[in-house]
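One structure below.
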Amino acid sequence: MAMVLGCYLLWGFFPLYFKLLAAAGAVEIIGHRIMWTLVTCLVLVALRRSWARLGRVLGTPRLLGTLVASGALITVNWLIYVYGVNAGRTADAALGYFINPLVTVALAALVLGERLRRAHLLSILLATAGVGVMVALQGSVPWVSLGLALSFGLYGLAKKSVGGRVDPLSGLTVESLVVAPFALGYLAWLQAAGGAAPQGPQGGAGLMVLLVLAGPVTALPLLLFAAGTARVPLSVVGLSQYLAPAMQFLLAWLVFGEEITSARWAAMGLVWLAVLVFVVDLLAQLRSLPRSRSR
């Protein structure tokens, strides 16, 4: 329970951390995040002496291909998220993560052929209506919200396809490894072009330390999530997943002072109603299970 809640609490506070990195651009932040996550993972692999596991994954083309795709998807997800936070659109990012579980259910139906429950269909329709209201009233597509929901939904689909064949640490290591050349190339080009994070009050050694910490800081909740979800009932995970976007929305509204327009409130209201239907249906399913299965 501590692992799962710790994971979502860390994700909920992430906007505060990424605001400290605002002097660097979103791509530079993610470049550092990739490189230092890889370093963190390799240190953990060495400490756990799990090189054989890592080698098995790298030597299995099907697993490697799936992790290449998941590495690209989570990189896109992080880019959109960091851009959204530092562009003053944390509320849109929160909306995306409220929608994400419903996108995951829809993808499971479309790609895996899973049957949609009526409550799931109603939730998806309500969330879609929320996005439609936002487009109609605001006059623009909330691409930050939709990009986050879709990229993370597809990432979850990719991770599901490898199932229990890849342990969490090996998976995160490979995902970081496959995108590291692009990150390193971009950071090298940025340094050579003189476009790296500035010196001064918002730059310098302090900013560099924070950029280096982006690796372990973002790797920790992912590892906590993988370890925690293997040890607690699915209901805990299902209900806890809304903690992070709720915290992010409150930070956007009460701390960052982002303007929550009437269009956003209307969209959020419909999405929250969709979430309520989803959660009530989840609880009803759990109550209908035999006690041993529920446990």
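The values are calculated or read from the model by the stated rules, or taken from the named source; none is laboratory data. If you're wondering where the values come from, they're calculated on a predicted model, not measured in any experiment. A quick note on method: Cβ atoms are made from the backbone with ideal geometry, for glycine too, and the neighbour counts reach across all protein chains shown. For the accessible areas, the whole protein counts, side chains as well, though only heavy atoms, and no ligand, DNA or RNA atoms are used. Shrake-Rupley method; radii C 1.70, N 1.55, O 1.52, S 1.80 Å.
Tabulated results
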item: Failed item in (1) crowded, with 22+ Cβ neighbours inside 10 Å; (2) part of a loop (DSSP other than H, G, I, E, B), with residue 88 passing the rest; result: (1)
item: Those residues of the stretch 1-12 which are assigned to a helix (DSSP H, G or I) and loosely packed, with under 15 Cβ neighbours inside 10 Å, in sequence order; result: 2
item: Selection count where residues are over 16 Å from the mean Cα position of the chain (by Cα), within 22 Å of residue 13 (Cα to Cα) and crowded, with 19+ Cβ neighbours inside 10 Å, scope the stretch 229-281; result: 6
item: Residue in the stretch 14-32 that is of a type in the set (D, E, K, R) and not in a helix (DSSP H, G or I) present; result: no
item: Residue tally, condition part of a helix (DSSP H, G or I), out of contact with any helix residue (DSSP H, G or I) (no Cβ under 6 Å at 6 or more places or on another chain) and under 26 Å from residue 17 (Cβ atoms), over the stretch 237-263; result: 6
item: Cross-chain or 6+ apart pairs with Cβ under 6 Å, the stretch 276-295 first and at pLDDT below 75, then not hydroxyl-bearing (Ser, Thr, Tyr); result: 294/286
item: When residues of the stretch 13-53 are limited to those that are β-branched (Val, Ile, Thr) and within 19 Å of the chain's Cα centre (by Cα), the one surrounded by the most Cβ atoms within 10 Å (Cβ to Cβ); result: 34
item: Looking only at the stretch 177-208, and only at residues there that are surrounded by fewer than 17 Cβ atoms within 10 Å (Cβ to Cβ), aliphatic (A, V, I, L, M) and closer than 30 Å to residue 64 by Cα, the one that is modelled with the lowest pLDDT; result: 188
item: Condition check for residue 249: over 25 Å from residue 92 (Cβ atoms), modelled with pLDDT of 90 or more and among the aromatic types (Phe, Trp, Tyr); result: no
item: Flag if residue 212 is open to solvent by 30 Å² or more (accessible area, probe 1.4 Å), within 28 Å of residue 43 (Cβ to Cβ), in a helix (DSSP H, G or I) and at pLDDT 90 or above; result: yes
item: Residue ID - modelled with the lowest pLDDT, chosen from residues in the stretch 106-128 that are under 21 Å from the mean Cα position of the chain (by Cα) and open to solvent by 30 Å² or more (accessible area, probe 1.4 Å); result: 111
item: Tabulated pairs, the stretch 138-163, first outside any helix (DSSP H, G or I), second surrounded by 21 or more Cβ atoms within 10 Å (Cβ to Cβ), C-beta under 6 angstrom, 6+ apart or interchain; result: 142/92; 142/134
item: Close pairs (8 angstrom Cβ cut-off, 6 or more residues apart or separate chains): of a type in the set (Val, Ile, Thr) in the stretch 108-130, open to solvent by 90 Å² or more (accessible area, probe 1.4 Å) anywhere; result: none
